[in-house]
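Data block below; observations after.
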Amino acid sequence: MNHTGLHADPELLTALAADLRSAAFTVDGVQQRLGPVAAAALHREQVTPARRVVTDDDPLDVLIRFFTLGDAVPGELLDVAVPGLRSHGLRELGLLADDGRARFDLRPHADDTHDCWVVSDLSELVTGGPLPDDHVLGIGGASTTLASWTVRRPAAGALDMGAGCGVQALHLGAHCERIIATDLSARAVEILRFNAVLNGERWDVRSGSLFEPVAGERFDLIVSNPPFVITPRVAGVPLFEYRDGGMVGDCLVRTVVQQVEAHLEPGGVAQLLGNWEVPGGTDWQDVVREWLAPTELDAWVVQRETQDPAEYAELWIRDGGHRPGTEAYERMYAAWLDDFDARGVASIGFGVITLQRPATKRRRFQVLEEHRGPVASPVGPAVDAELAALTWCAEHPDEVLDQNWRVADDVTEERFAAPGADDPSVIRITQGGGLGRQLHIDTAISAYLSVADGDLTARQALVAIATLLERDERDLLERAQPIVTRLVETGFLVRT
Ligand SMILES: C[S@@+](CC[C@H](N)C(=O)[O-])C[C@H]1O[C@@H](n2cnc3c(N)ncnc32)[C@H](O)[C@@H]1O
């Protein structure tokens, strides 16, 4: 049974891809055509500026009107816009409705290596109403966050779990040989197969819940933007298949964290987004630590934001296409608050979870940190370096002072002193790239960083600094070791 009305005919999809490419229906092409103001407005889901730019005279404009703005477009114009496929080809693929409008959202996407196109269900912007429960999401803020944080190491086998329209799988294509994309939604599975053929990808698309479709299989990399939205399980609140997995509270993300280990090769990495409920009187690290307790995984979890229960309810009810003031909105709002009250939830955290199955027998690392500030885009290369540094430090716990570290090129130092004071009361170091971290350090560590150019080991430099500052050498080394370790883990200090 076909759930979407899409037909992934390879010949027709090859013709469509060629037409889209020759019309420059790519990220850069559309951006250039619309200009910065209309393109930025479109990102804010405002179509009026774009409508004032596009005409009927150019294939690219017609494609923008048809696929991006949701306009009904006459067949003769579509024939010119996609001359290889023509409008009857669009209809055969299931992309053209009888009223001349697109049946699906089709938008260009790109990474550092290639341009691609992503088909998904029409957005609320085009349909103008609440999204159906079996909606298949397009590329959104969460998708791009996960894609940005993903470690792009060459991998033999990769899994995109809860792949939706396949945006993560498309990015995996740049560095992974074999890609399995899974989803519970029958409509998502059809859209995944369609997008794979449209983009010339050979994903193994499988249907099923969580890790069921890959029972007994292991991967070097697993990515998942899972349906993490916490939703009350009561009558009158729909089960949004595309964003909530039907479980109570944050159970789905906890289940993924606890089941993923069995599917990672030694040294394999899993990265996912998640929400966690923080009951009053506890902190978020306690919650996540409890999730991780039954596993043997390394974990690096970054909490990016928190919301109170009311903010959370408002965000996700609006995201489902409901507006304040309607009966449905008020009923759902109360249901969300009752649901959080029932579990004593005081706040909800959102963040990025990076897990690694250690490749060697050693003590695992667990870093649970808050980092709300802006990060580089993509931040994946910095995440990759930080994961490698965390791993090295865990594998060589007693060797950190005996390496010839050098200060990374993007590190700067600022000193703050009370007016007239000789010595600074605060010394702050900042990373220019990556996660853009800031740390406060003392005079001895600052002195070490000022000479850390790879010539001396940290120990040699710190011994000389102890003499210079008339400090006890042993005490200074003991205090410095965890700080130097953290500076290495976070990329302030790197190998020569
Ligand atoms: C938030 S969307 C993510 C889509 C896409 N990977 C992205 O990054 O934009 C979550 C996806 O998980 C799917 N899903 C929901 N419940 C699931 C389950 N139990 N097992 C696997 N996938 C599920 C939904 O159908 C949806 O496509």
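Here's a check for you: in the range 439-496, which residue that is open to solvent by 90 Å² or more (accessible area, probe 1.4 Å) and in contact (Cβ under 8 Å) with a residue 60 or more places away in the chain is farthest from the chain's Cα centre (by Cα)? Filtering first and then ranking leaves Thr496. Do we have Arg289 as open to solvent by 30 Å² or more (accessible area, probe 1.4 Å) and over 18 Å from Cys251 (Cα atoms) here? So Arg289 does not fit the description; no.
So that you can scan it fast, the table gives a plain yes or no per residue for (1) closer than 15 Å to Gly162 by Cβ; (2) within 11 Å of the ligand (Cβ to nearest atom); (3) outside any loop (DSSP other than H, G, I, E, B):
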residue: Gly216; (1), (2), (3): no, no, no
residue: Val223; (1), (2), (3): yes, yes, yes
residue: Ile230; (1), (2), (3): no, no, no
residue: Val237; (1), (2), (3): no, no, no
residue: Tyr242; (1), (2), (3): yes, yes, no
residue: Val248; (1), (2), (3): no, no, no
residue: Val253; (1), (2), (3): yes, no, yes
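Scanning the range 292-321 for residues that are without any contact (Cβ under 8 Å) to a residue 60 or more places away in the chain and buried (at least 21 other Cβ atoms within 10 Å of the Cβ) yields Ala313, Ile317. With the condition kept exactly as written, say whether any residue in the range 103-117 is among the β-branched types (Val, Ile, Thr) and either in a strand (DSSP E or B) or touching a Cys at 6+ places or on another chain (Cβ under 8 Å) (or both). Within the range 103-117, none of the residues are among the β-branched types (Val, Ile, Thr) and either in a strand (DSSP E or B) or touching a Cys at 6+ places or on another chain (Cβ under 8 Å) (or both). In the range 139-155, the residues that are assigned to a helix (DSSP H, G or I) and among the polar types (S, T, N, Q) reach residues that are open to solvent by 30 Å² or more (accessible area, probe 1.4 Å) and within 11 Å of the ligand (Cβ to nearest atom) with C-beta atoms within less than 9 angstrom, at least six apart or across chains, in these pairs: Ser143/Leu137; Ser143/Asn225; Thr145/Asn225. The helices (runs of 4 or more DSSP H) found wholly in the range 407-496 and carrying at least 2 residues that are under 28 Å from Ser377 (Cα atoms) occupy 473-489. For first residues located in the range 77-97 and free of Cβ contacts under 8 Å to residues at least 40 places away in the same chain, partners that are of a type in the set (Asp, Glu) and lie 6+ apart or on another chain with Cβ distances below 6 Å form the pairs Leu77/Asp56; Arg86/Asp79; Ser87/Asp79.
Here Asp115 meets the list (1) crowded, with 24+ Cβ neighbours inside 10 Å; (2) under 17 Å from Asn199 (Cα atoms); (3) away from the ligand (no atom under 16 Å from the Cβ) almost entirely, failing just condition (1). Filter the range 63-95 for residues that are among the small types (Gly, Ala, Ser) and either part of a helix (DSSP H, G or I) or under 26 Å from Glu45 (Cα atoms) (or both) and give the result. Residues satisfying the conditions are Gly70, Ala72, Gly75, Ala81, Ser87, Gly89, Gly94.
The values are calculated or read from the model by the stated rules, or taken from the named source; none is laboratory data. Here the structure is a predicted model, which is why all the values come from computation and not from measurement. When we count neighbours, we look across all protein chains shown, and the Cβ atoms used for this are built from the backbone with ideal geometry, even at glycine. Accessible surface is based on the protein model in full, side chains and every heavy atom, while ligands, DNA and RNA are left aside. Shrake-Rupley method; radii C 1.70, N 1.55, O 1.52, S 1.80 Å.
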